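To start, the structure itself, in structure tokens.
What follows draws every value from the coordinates through simple rules; no lab data is involved. If you're wondering where the values come from, they're calculated on a predicted model, not measured in any experiment. Here the Cβ is made from the backbone with ideal geometry for all residues, glycine too, and neighbour counts use every protein chain on show.
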Amino acid sequence: MTLDAGKKADILERLLPSGFSFKGSGTAYAPSNIALSKYWGKRDAALNLPCNSSLSISLGAWGSKTTIDQSSTSQDEIFFNQVKLEDTDPQALKILAHVDLFRRTQNIPLRIVTSNSIPTAAGLASSASGFAALTLALDRALGLGLSTNVLSMMARFGSGSAARSLWHGFVKWERGIAPDGTDSVGHPVDVSWPELRIAIVPVDTAPKKFSSRDGMTHTLATSPLFQAWPDQAENDCTEIEAAVRARDLRKLGALAESNALAMHATMMAARPSLNYLTPDSWQVLTRLWAAREEGLAAYATMDAGANVKLLFEARDSDSIQTLFPNATVIAPFDNPPEL
Ligand code: PMV
């Protein structure tokens with residue numbers, strides 16, 4: 001067991017029942033999410049504990065569905081989008097490391113079938129919805145009945161942003177202060193905003209060259225601007241939550257866009273510089289800002305990749321599609337699948 005896995009296992013020892021068996025097929029859906037107030041920087045890298053709170057919007061029908069059954073062989077079997085993964089596949093290894101946090105020393109060979117409804121061409125990471133769906137499906141297949149706090153914490157072990165993928169709508173992930181991170185969990189922000197739209201403007205759909213984990217470590221260790229980031233991000237998160245509660249698009253959009261640009265500026269100041277945005281991303285932003293000058297109420301946010309996500313309301317969908325013909329528009333509150 002690695003040191004990181006050991007640290008998680010120590011915490012789970014207290015939170016999971018000591019013995020359990022396979023209870024029956026477990027299926028779960030979890031949506032992908034886009035942070036409106038970003039998580040960038042870990043105060044504990046092994047436990048994925050963030051330096052600041054963050055707030056996201058879930059992407060409704062864009063997400064991951066996972067079914068877990070007992071394997072009919074003595075081996076684990078993993079299928080991703082209908083393809084069986086090799087035992088040595090890095091994605092299979094990450095999934096099994098997560099499953100082992102639940103199984104620990106118990107030998108329960110599983111068949112794990114995951115499918116992703118996020119179009120690959122959108123260039124959106126699926127790790128948040130993937131780890132959230134896997135965590136929920138394991139809870140059901142093993143009959144654990146874990147609380148949402150523990151589920152969010154376990155999803156976080158797989159990928160930080162997965163802590164926010166256990167609900168639809170707006171979700172806040174509290175930074176927490178406990179060294180073991182038991183208070184660093186997500187919770188839904190009870191606001192319905194049916195007119196809200198998210199558009200994904202694909203810029204570069206190839207897998208990212210620098211993982212968010214490596215990017216965060218590098219930024220924290222070398223960017224002179226990082227010192228200012230956690231406090232600014234925590235304030236932004238509080239104000240963004242207030243703008244969500246007021247359903248004030250102009251306020252929310254302006255804050256979310258500034259927060260994303262501050263995160264990218266902090267990365268760019270790292271030594272050597274870390275750049276996820278490409279000239280094409282900047283071109284999308286320039287076009288957006290010009291349209292905003294003309295009165296369009298749309299705002300941008302960008303994550304650890306070149307693609308640009310836009311925030312606006314339904315009445316501007318046509319203008320957005322005209323401005324960015326390759327954009328996909330998502331209605332996050334429109335009949336999202338059951339979790
Ligand atoms: O959860 P991770 O390790 O993939 O990191 C997510 C980082 C950002 O997407 C850039 C920001 C966020 O809060 O989702």
Would you mind computing Rg(Cα) / (2.2 N^0.38 Å) for the chain, counting N as its residues?
-> 0.98
What 222 nm value per residue comes from the helices of the chain, counting each DSSP H run with n ≥ 4 as -39,500 (n - 2.57) and dividing by all residues, nearest 500 deg cm²/dmol?
-> -11500 deg cm²/dmol
Using a Gaussian network for the chain with springs between C-alpha atoms less than 10 Å apart, which of these wobbles most: V113, V308, V83?
-> V83
Efficiency of FRET from Cβ geometry, S211 and A178, R₀ 22 Å, rounded to 0.05 | 0.25
When only Cα pairs under 8 Å and 6 or more residues apart are kept, what is the percent relative contact order across the chain?
-> 22 percent
For region 95-154 versus region 275-313, the gap between their alpha-carbon centres in whole angstrom = 32 Å
Describe numerically, in nm with one decimal, the distance between label points set 7 Å from Cα along Cα→Cβ at T286 and at S72.
-> 5.8 nm
Which of D214, D76, D139 moves most in a GNM of the chain, Cα contacts under 10 Å?
-> D214
Residue-wise HN-Hα coupling along region 181-187, computed from phi with Karplus coefficients 6.51, -1.76, 1.60 (Hz; x: Gly, Pro) | x, 5, 9, 9, 9, x, 8
On the formula 1/(1 + (r/R0)^6), with r taken between the Cβ atoms of R14 and S317 and R0 of 51 Å, the FRET efficiency rounded to 0.05 is 0.60
Dipole moment magnitude, nearest 20 debye, the chain about Cα centre, only Lys, Arg, Asp, Glu C-beta charged = 300 debye
Which of the pairs K8/K42; K94/K209; K84/K309; K7/K65 have their Cα atoms more than 24 Å apart in this structure?
-> K84/K309; K7/K65
Between the modelled labels at T222 and A242 (7 Å from Cα along Cα→Cβ) the distance in nm is 3.7 nm
Mean Kyte hydropathy of -1.0 or more with a Cα span along the axis of at least 27 Å, helices from DSSP in the chain = 249-268
If each of F79 and D334 carries a label point 7 Å out from its Cα toward its Cβ, how far apart are those two points in nm?
-> 3.0 nm
Quick one: net charge of S53's neighbours, Cβ under 10 Å, K/R +1, D/E -1?
-> -2
Got a sec? How would S281, S72 order by Cβ neighbour count within 10 Å, fewest to most?
-> S72, S281
